[in-house]
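Novice: Just passing along the structure, written as structure tokens.
All of the numbers you see were taken from the coordinates with simple rules; none came from a lab. Keep in mind that what you see is a predicted model, and the values were worked out from it rather than measured. For neighbour counting, all protein chains shown are included, and Cβ atoms are generated from backbone atoms with ideal geometry for every residue, glycine included.
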Amino acid sequence: MTMTHCSRRKFLGAIGATAGVWLGRPTMFLARPAPAGRVAVGMCPEYGPEVLTTMGTMFDQLGGLERLVRGKTVAIKLNLTGDAFTRLGYAPAGLTHWVHPNVVGATVHLLAKAGAYRIRLLESPISSAEPLEEFMLQANWEPKDFLSAGSRVEFENTNYLGFGKKYSRFMVPGGGLMFKGYDLNHSYEDCDVFVSLAKLKEHLTAGVTLTMKNCFGITPCTIYGDGSPEDEPGRVPMGGRGPFHAGNRLPSKSAPPLVDRSGSKEGGYRVPRVVADLVAARPVHLAIIDGIHTMTGGEGPWANPRRHVQPGLLIAGTNCVNTDAVGMALMGFDPMADRGTPPFETSDSTLRLAEQLGVGTRDLRQIEVVGTPISKGRFDFRSA
Amino acid sequence: MNLDPKWVPMNWPCGPLLWIPRDKPSFPDTARRETLEAWSQPAALDLLKGTPVNCLVVDWADGMPEDSAQQQTLSPLLEAGRRREIDFVGKVAAGEGTAAAVESARAAGLSAVMLKEPSSHSFDFPVILSFPRDKVAWQSATQIFTSTGNEWPGLKLDTMKGDTAIAGPTGVPWVNSNAWFSLLSNELAPGKTRWLDFDPPDAPNLAHPATYPLAVADSQAYGSRWIISLDDNFRTALLKGNPQATSVWRQTCETVTFFESHREWEGFQPQGILAVISDFRGDNAFLSGEVLNLLNRRKIQFQVMERSRALSTSTPGLKAMLWLDKDAPTAGQLAKLLAFVRQGGLLIATGYWGPSGVMPKNRDPSLDYKMYNVGQGQIAVCVEGFQDPYQVAGDTHLLVSRRNDLVRLYNPDTTNCHLSFDPDHKRRLVQILNYSPSAANFVTLWVNDRAKSARLWSPGARDSISIPGVPASPGTEFGLPTIAVNCALEVEGPNP
């Protein structure tokens, strides 16, 4: 295994590059080259104690978590797609389409160990305003395990207003590809560090589900859902995010408007743009992908054909586009691919769109991969 | 002759009363009349050979010319049935000379009559009272009683497109079931045998979207019996030896046999973590009934408690009580409720009846409840009052917390389950029912305790098979084989 260390200054520099994009003026933002950072890859065959050691090593390879999170509030968007009961065969969700609880626990532990002041676990469970802990219990997860993995660990269902008094507005630098901005649960603003903790898998609409597509789920269905009220956000979410896919209805009028009302109604066009908008508006500071066990064929058991597979991979980086590019390469795809080429047979590339927004580069030649080389860790999803 | 709780009843429509119905102006079509005539012949009883069915319900009346014709036509059938040790129950329509009908039933050798309403006469003859489901006079229910107005169990037919279910507002397929009524009846008429009287929905041909075995299973898994009732097309096809109808009939009888061979399960008791308290009558009947229905759909294990009897006995294992009615508890009940709360229990109600001076807190912004901490427990007061049964069931599950689930199903789709314990609390039984015409695959059952293995029983299979348990902290998971209609898992282990 190749191990390369970088200085904390360089590590923070990479983070700063992303944050700078967010803060920059639109014209400057679009003119800037997409940042290139470092991505760590670790081999980890199972969800045992080796998860913690592997992730610890990977974070060290990125320059260490301490300077990133010490004394900070860290928000972690988990990838818990679909409901808590649906499985691929008999396999628990954490082995196929959800990030595994042991990866969540290890992340929380390492963040806490690095000095994070507060850690919030976030997800927007489908069609529900129930407490996130209850959603986890349905899947037979034990929320107390996460509470004990660090101090001041909190949970919030971000599919509605939640514990906030108002929604937080995130405008997309440069004006946005689909919407000019997005109204989100307060947790995405009330944090210093934002982590996307995703699963290594394909996606029926967007080609791949990695750390960027994971952020699709930060949008509250009280505003963006099938049953959201016309004028103001609903009290509780109704339905899923079908309108993002099909453009069949607009979000509540209280939210920032569409960029182009005459735009395409095709999911493969719309979803990647929404995702690119979101990661530009709400930057990801730490991107982590669980690819130890996962599934092929799509983002959940409803995909067909699909298979439970075991690539034995963990991936982490400080730039979500860089990290997803390495993730794609490890899945056997070309991160420079676009519509018409696997895995983007029917969609535009979220990576390309985010790259154009200046979020990060997808060009592997510019990304420094540390730990396991891509050639050694590659697991071809289409021939698995 | 007494009412026999071991009767396995079946509706046996036949005879002139049905082809010359006094309350219907139109005559049945030729095919139906032929079927009605054929089913009044002793040879039709061959259908019951090798089945557990031992009690036939026939239409009966006295006082009109067609009533005599009915009695004469059925005479050979009754005689042949008695030789086969089959009992007959005469279903007497209301207001038709009940006393005369009962007397002629006795004379004809029937074992009992089924009456639609209590009679002012006292008959020295076994009577089964039949009530509309929403008007059961629980106190006067006979040792065997029947209810009408039940649902045909299964996916709600007008929410299906072909074999595909359309989700209801719950996000899960909309399922019709009589389970809640059976559970309610267990509480309100304990020790009595309950027959559910319902007919299959009309179908133009044999391609019936509903399944007869499920009608058996949905009744018996929850302690009731379905009065087996076949639709006209099906009965015609059976007489003609139609292979499809014969196969369905065989499966139906296998399901009946399955429950008959596990009669000890009737003595198993559900053990809930939640007590649902109401008088379940009058203005409270709809909300309370629908809440029971939806709690069952959510697989919450609950105990039904009739309000006047609530808290009269100890309630081990309870985590919460849901007081559905607006009526406040009596002073004695309130003392017990508050004792339950002080010891760590949760009371969910529409009013606060706890000690004064306690300031409420909101537990979660998604729940419109005021939470009062009392002792080690809490009182949750619904700010808006209980209005929507779906909301009440969902909120209750969250307030009680899924941490207290005793069972869960993964890939549940159209399945549901019912948990009960043997009298010694050493064995737990989980009955799993599939409400779809399509088989359920890759269903995983989770129980909240450790177990190395469990025994799986299925209709049509002579022996059980052993299913290994997979630890899934704090309990155990069992991967179930394909479920056509129903199965049952016996798990040996301590009481949770």
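Novice: Could you give the longest part of chain A that holds none of the GluC sites (Glu not before Pro) found in DSSP loops with at most 13 neighbouring Cβ atoms within 10 Å?
Specialist: On the way: sites that count: A:46, A:230, A:345.
Longest site-free region, per DSSP loop and neighbour criteria: A:47-229.
Novice: Here is a follow-up. Projecting each Cα onto the charge dipole of the protein assembly as shown (Lys/Arg +1, Asp/Glu -1 at the beta carbon, about the Cα centre), which of B:153, A:173, A:344 comes out farthest on the positive side?
Specialist: The listed residue farthest towards the positive side: A:173.
Novice: Name the residue from B:200, A:323, B:476 whose Cα lies farthest towards the positive end of the charge dipole of the protein assembly as shown, charges +1 on Cβ of Lys and Arg and -1 on Cβ of Asp and Glu.
Specialist: Of B:200, A:323, B:476, it is A:323.
Novice: At a threshold of 8 angstrom on Cα-Cα distance, excluding pairs fewer than six apart, so keeping six or more, what relative contact order does chain B reach in percent?
Specialist: The normalised contact order for chain B reaches 10 percent.
Novice: Rounded to whole Hz and in sequence order, give me ³J(HN,Hα) for the range B:448-453 from the Karplus expression 6.51 cos²θ - 1.76 cosθ + 1.60, θ = phi - 60°, writing x for Gly and Pro.
Specialist: Result, ordered by residue: 8, 9, 7, 7, 6, 7 Hz.
Novice: Send over the Kirkwood Rh of the range B:322-475, from the inverse of the averaged 1/r over different Cα pairs, rounded to one decimal Å.
Specialist: Numbers: mean 1/r = 0.0537 Å⁻¹.
Result for the range B:322-475, one decimal place: 18.6 Å.
Novice: Only helical DSSP H runs with n ≥ 4 go in: add -39500 (n - 2.57) per run for chain A, normalise by residue count and round the 222 nm mean residue ellipticity to 500 deg cm²/dmol.
Specialist: Working: 14 runs with 113 residues, N = 384.
Helix contribution divided over all residues of chain A: -8000 deg cm²/dmol.
Novice: Of A:215, A:320, A:191, which has the largest mean-square fluctuation in a 10 Å C-alpha GNM of chain A?
Specialist: Sorting by GNM fluctuation, first place goes to A:191.
Novice: Still on this structure, please answer the following. Would you please give the FRET efficiency between residue A:249 and residue A:338, computed as 1/(1 + (r/R0)^6) with r the Cβ-Cβ distance and R0 = 25 Å, to the nearest 0.05?
Specialist: That pair, residue A:249 with residue A:338, gives E of 0.30.
Novice: Once fully extended, how much extra length lies between residue B:187 and residue B:37, figured as 0.36 nm per residue of separation less the alpha-carbon to alpha-carbon distance? Before the final figure, lay out the partial values.
Specialist: Values: separation 150, 0.36 × 150 = 54.00 nm, distance 4.14 nm.
Result for the pair: 49.9 nm of gain on full extension.
Novice: With +1 assigned to the C-beta of every Lys and Arg and -1 to the C-beta of every Asp and Glu, and no other charges, what is the dipole magnitude of the range B:265-345 about the Cα centre in debye, to the nearest 20?
Specialist: 300 debye
Novice: Between residue B:117 and residue B:343, what FRET efficiency follows from the Cβ-Cβ distance if R0 is 35 Å, with the result rounded to 0.05? Intermediate values should be presented prior to the final figure.
Specialist: Numbers: r = 46 Å, r/R0 = 1.31.
So the FRET efficiency works out to roughly 0.15.
Novice: Also, I was wondering about something else. Once amide H atoms are placed 1.01 Å from N in the peptide plane, what residues at a sequence separation of 5 or more from residue A:346, or on another chain, have their amide H within under 5 Å of its amide H?
Specialist: Distant-sequence amide H within range of residue A:346: A:340.
Novice: What FRET efficiency do you get for residue B:72 and residue B:156 if R0 is 56 Å and r is their Cβ-Cβ distance, rounded to the nearest 0.05?
Specialist: 0.85
Novice: Would you work out which of B:99, B:365, B:348 lies farthest towards the positive end of the dipole of chain B? Charges go on Cβ: Lys and Arg +1, Asp and Glu -1.
Specialist: B:365
Novice: Further, regarding this structure: Ranking A:222, A:57, B:415 by Cβ neighbours within 10 Å, fewest first, what do you get?
Specialist: Listing A:222, A:57, B:415 from fewest to most nearby Cβ atoms yields A:57, B:415, A:222.
Novice: Let me ask something else about it. Using 0.36 nm per residue, how much length does the chain from residue B:425 to residue B:29 gain when fully extended, once their Cα-Cα distance is taken away?
Specialist: 137.1 nm
Novice: Using only the alpha-carbon atoms of the protein assembly as shown, report the extent along each of the three principal axes, biggest first, to the nearest angstrom.
Specialist: Extents along the principal axes, in whole Å: 102, 66, 53.
Novice: Same structure, new question: Give, in nm to one decimal, the length gained when the segment between residue B:124 and residue B:482 is fully stretched (0.36 nm per residue of separation minus the Cα-Cα distance).
Specialist: Details: separation 358, 0.36 × 358 = 128.88 nm, distance 5.02 nm.
Computed gain between residue B:124 and residue B:482 is 123.9 nm.
Novice: About its Cα centre, what dipole magnitude does chain A give when the only charges are +1 on Lys and Arg Cβ and -1 on Asp and Glu Cβ, stated in debye to the nearest 20?
Specialist: 860 debye
Novice: Compute the relative contact order of the range B:34-146 as a whole-number percentage, counting only Cα pairs closer than 8 Å that sit 6 or more residues apart in sequence.
Specialist: Worked out over the range B:34-146, it gives 21 percent.
Novice: Put a dot 7 Å past each Cα toward the Cβ at residue A:363 and residue A:163; how far apart are the dots in nm?
Specialist: 4.4 nm
Novice: How shielded is A:235-244 by partner chains, expressed as the average number of their Cβ atoms within 10 Å of its Cβ atoms?
Specialist: Numbers: counts 3, 3, 1, 1, 1, 1, 0, 0, 0, 0.
Per residue, the number of nearby Cβ atoms from other chains is 1 on average.
Novice: Using the count of nearby Cβ atoms within 10 Å as a rough guide to exposure, how do B:432, A:119 rank from fewest to most?
Specialist: Details: B:432 25, A:119 28.
Neighbour counts put them in this order, fewest first: B:432, A:119.
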